[in-house]
1. Report the full-extension gain for the segment Arg28 to Val42: residue separation times 0.36 nm, less the Cα-Cα distance, to one decimal in nm.
2. So, in nm, how far is label Ile51 from label Ser64 when the simple model puts each one 7 Å beyond its Cα toward the Cβ?
3. Which of the trypsin sites (Lys or Arg not before Pro) found in segment 75-114 are loop residues per DSSP with 14 or fewer other Cβ atoms within 10 Å of their Cβ?
Amino acid sequence: MRGGAKYEAMAAYEYSHNGARAATGHTRIRWDRLGRIAMLCVLGALLFLYIHAGVSLLSSWQESNRTSASVGAMRLQYRQLEAERSQLQSSAWIEMQARRLGMVFPGERQYFVRGLPDN
């Protein structure tokens, strides 16, 4: 067989072989194509998992920033409340507030001065 006749014979064989296969409904499994599709599916799943982990990490980081800001605000409020508590426990402040309400010590006489000009 010459080179051209060999290719014609192979083409005729493929045509008759594929025609018979199509008629019976049997097909060959293309393992290379199936392998590529499976690898793409695995790659897609891995990509999804990495993206999900990244989003989770980002949301955790944002949550920690919000919590840190909240803790800072609470520390400031705690310091203010401690200062107010120490002021409320001082006897001078208690006496000042009592006199503002019109209270006097036993034995003291209370005077009201009216008609003073506004400064």
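1. Length gained, Arg28 through Val42: 2.7 nm.
2. In this crude spin-label approximation the distance works out to 2.5 nm.
3. Arg109, Arg114
Each value in this text was obtained by applying a stated rule to the coordinates, not by laboratory testing. Since the structure is predicted, the reported quantities are computational estimates derived from the model, not experimental observations. Positions of Cβ are generated from backbone atoms using ideal geometry, with glycine treated the same way; all protein chains shown enter the neighbour counts.
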